[in-house]
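The values are calculated or read from the model by the stated rules, or taken from the named source; none is laboratory data. Given the structure is predicted, the values throughout are model-derived calculations rather than measurements. Positions of Cβ are generated from backbone atoms using ideal geometry, with glycine treated the same way; all protein chains shown enter the neighbour counts.
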2 protein chains.
Amino acid sequence: MAVSNEKAVVLVSGGLDSATVLAVAMERGFDCYCLAFDYGQRHRSELDASLRVSEAQGATEHKVVELDLRAIGGSALTDEAIAVPDSTSSPDGLENDIPVTYVPARNTVFLSIALGWAEVLGASDIFIGVNAVDYSGYPDCRPEYITAFETMANLATRASVEGRHFSIHTPLISLAKEAIITRGLELGVDYGLTVSCYQASPAGLACGHCDSCVIRKRGFAAVGVSDPTAYQQ
Amino acid sequence: MAVSNEKAVVLVSGGLDSATVLAVAMERGFDCYCLAFDYGQRHRSELDASLRVSEAQGATEHKVVELDLRAIGGSALTDEAIAVPDSTSSPDGLENDIPVTYVPARNTVFLSIALGWAEVLGASDIFIGVNAVDYSGYPDCRPEYITAFETMANLATRASVEGRHFSIHTPLISLAKEAIITRGLELGVDYGLTVSCYQASPAGLACGHCDSCVIRKRGFAAVGVSDPTAYQQ
């Protein structure tokens, strides 16, 4: 069911999930316009990973928008004073509540800017790698949130008034991490290019013990293939 | 029905409508946290006006977030290559279609960041000066859009998962410009501090013939008071 010559905006953070989503969008035949955000995240090396992933998969364009969410704060990812939790020390390896790595309204802000860019490009399709199975419990990764965003998006723009229908595609939303990795490997994703860690070093080396590292490790272990992630020390 | 010690985020652009909305929020007793955006708009003098308005009305804080929407383009307000239309030359003084001054997804982006800041502040209330009567036809000023945004917002955040309900207040949405100005004057708004013009000079002098100037002029004429706006030449 490949389409052709249709544009899609793909949110590409540089992590495992978004790299897989880009591969899904490319397989469907979209011309992919990748969007990344320099938002003051402590794991800035994901921005380098984002560009590597877009280039390796043949995206049409890769845009980095600067938006300093440190102006708002409220997250371990944007405030150096809040530590990233060590998930290897909690009983099940992950926090039960929504953790301090939650960034207030992040996906809403990112999807909003993606919507604006899609409108300018003449695109109707936006892809995002949210997942509501093996995830950190972020509210803006749940299906009901995505549905509500799509409804809002179709009232928000000149394009929608003129009849264009925007779709927010979340091909990973109901997949376990194991299934995401399996799908990505089928599509030829080079996970060695990605950075998942919330506190990766400037060179992109992962810490191995934050939520994101723990979830990723479990996923590769379940698939039974080695994770190409490079760890600190 | 004044409340006290409750925080509200108020979008303050520096124009007539948002100055009035801030006065409404202040009258209701909110501690007002004003939010403005340096988004690459050609009428940057509205940012100076925004700060003047917040200070004059006694806002608790005034924050300017930088987000360069020129990266996306698609609007006369963010792309110097697209001219702001002269509305004094069209038959009814205004364009009939959504004009080129429409900025793709602007209110969605701005409200999203306001939502994030509200969450961090512990605020449940967000005020925005959208108006669907005397306006430029922007889709993201309509009541159905605001309702959809509010629904989405209440699924988007950790705060909403934990039981906080966010309200998007649009006290001007169904008022004619005449009624907005009348209300603002009752509340003591100094409209001499505001800048409405889409292509105001760096000193804040208005052009007198863009949509926004034409709508503003008509409003003051209907009220029968003089507009303190200073015009170029």
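Key figures
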quantity	calculated
Residue in segment B:122-130 that is surrounded by 20 or more Cβ atoms within 10 Å (Cβ to Cβ), in contact (Cβ under 8 Å) with a residue 40 or more places away in the chain, within 10 Å of chain A (Cβ to nearest Cβ) and under 19 Å from B:Ile173 (Cα atoms) present	no
Hits in segment A:154-168 (condition: at the interface with chain B (Cβ under 8 Å from one of its Cβ atoms) and among the β-branched types (Val, Ile, Thr))	A:Thr157, A:Val161
Test: residue in segment B:163-180 that is in a helix (DSSP H, G or I), under 17 Å from the mean Cα position of the chain (by Cα) and surrounded by fewer than 21 Cβ atoms within 10 Å (Cβ to Cβ)	yes
Every residue from segment A:113-131 that is touching a Leu at 6+ places or on another chain (Cβ under 9 Å) and assigned to a helix (DSSP H, G or I)	A:Ile113, A:Ala114, A:Gly116, A:Trp117
Test for B:Ile82: is it at pLDDT 90 or above and within 13 Å of chain A (Cβ to nearest Cβ)	no
Qualifying positions in segment B:187-202 - of a type in the set (A, V, I, L, M) and closer than 11 Å to B:Arg44 by Cβ	B:Val195, B:Ala200
Given (1) more than 25 Å from A:Val214 (Cβ to Cβ); (2) free of Cβ contacts under 8 Å to residues at least 60 places away in the same chain; (3) assigned to a loop (DSSP other than H, G, I, E, B), index of the condition A:Gly188 fails	(2)
Meets criteria (among the small types (Gly, Ala, Ser) and over 17 Å from B:Thr101 (Cβ atoms)) for B:Gly219	yes
Residues (modelled with pLDDT under 95, in contact with a Gly (Cβ under 8 Å, 6 or more places away or on another chain) and hydroxyl-bearing (Ser, Thr, Tyr)) located in segment B:28-69	B:Ser45
Residue among B:Leu77, B:Leu111, B:Leu115 that is of a type in the set (A, V, I, L, M, F, W, C), facing chain A (nearest Cβ under 9 Å), touching a Phe, Trp or Tyr at 6+ places or on another chain (Cβ under 8 Å) and closer than 19 Å to A:Trp117 by Cβ	B:Leu111
Where B:Asn154 falls short, out of the listed (1) in contact with an Asp or Glu (Cβ under 9 Å, 6 or more places away or on another chain); (2) under 20 Å from B:Glu6 (Cα atoms); (3) of a type in the set (S, T, N, Q)	(1)
Among the candidates B:Asp125, B:Asp211, B:Asp140, residue that is modelled with pLDDT of 95 or more, acidic (Asp, Glu) and in contact with a Ser or Thr (Cβ under 7 Å, 6 or more places away or on another chain)	B:Asp125
Residue check for A:Ile181: within 14 Å of chain B (Cβ to nearest Cβ) and either in contact with a strand residue (DSSP E or B) (Cβ under 8 Å, 6 or more places away or on another chain) or more than 30 Å from A:Glu119 (Cα to Cα) (or both)	no
Top-ranked residue of segment B:143-153 - restricted to ones that are surrounded by 20 or more Cβ atoms within 10 Å (Cβ to Cβ) and more than 7 Å from every other protein chain (Cβ to nearest Cβ), ranked as farthest from A:Arg106 (Cα to Cα)	B:Ile146
Sole exception among (1) in a helix (DSSP H, G or I); (2) crowded, with 20+ Cβ neighbours inside 10 Å for B:Val103, by number	(1)
Test: residue in segment B:5-25 that is without any contact (Cβ under 8 Å) to a residue 40 or more places away in the chain and aliphatic (A, V, I, L, M)	no
Residue match in segment B:49-67 (condition: over 16 Å from B:Leu11 (Cβ atoms), surrounded by fewer than 21 Cβ atoms within 10 Å (Cβ to Cβ) and within 14 Å of another protein chain (Cβ to nearest Cβ))	no
Residue under evaluation A:Ala200, criteria (1) surrounded by 19 or more Cβ atoms within 10 Å (Cβ to Cβ); (2) touching a Leu at 6+ places or on another chain (Cβ under 8 Å); (3) over 25 Å from B:Arg106 (Cβ atoms), criterion not met	(2)
Verdict on B:Arg216 being surrounded by fewer than 19 Cβ atoms within 10 Å (Cβ to Cβ), in contact with a Leu (Cβ under 8 Å, 6 or more places away or on another chain), more than 14 Å from chain A (Cβ to nearest Cβ) and farther than 19 Å from B:Ala8 by Cα	no
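Conditions tested, residue by residue: (1) aliphatic (A, V, I, L, M); (2) assigned to a loop (DSSP other than H, G, I, E, B); (3) touching a strand residue (DSSP E or B) at 6+ places or on another chain (Cβ under 8 Å); (4) within 17 Å of B:Gly188 (Cα to Cα).
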residue: B:Gly29; (1), (2), (3), (4): no, yes, no, yes
residue: B:Asp48; (1), (2), (3), (4): no, no, no, no
residue: B:His62; (1), (2), (3), (4): no, no, yes, no
residue: B:Glu66; (1), (2), (3), (4): no, no, yes, no
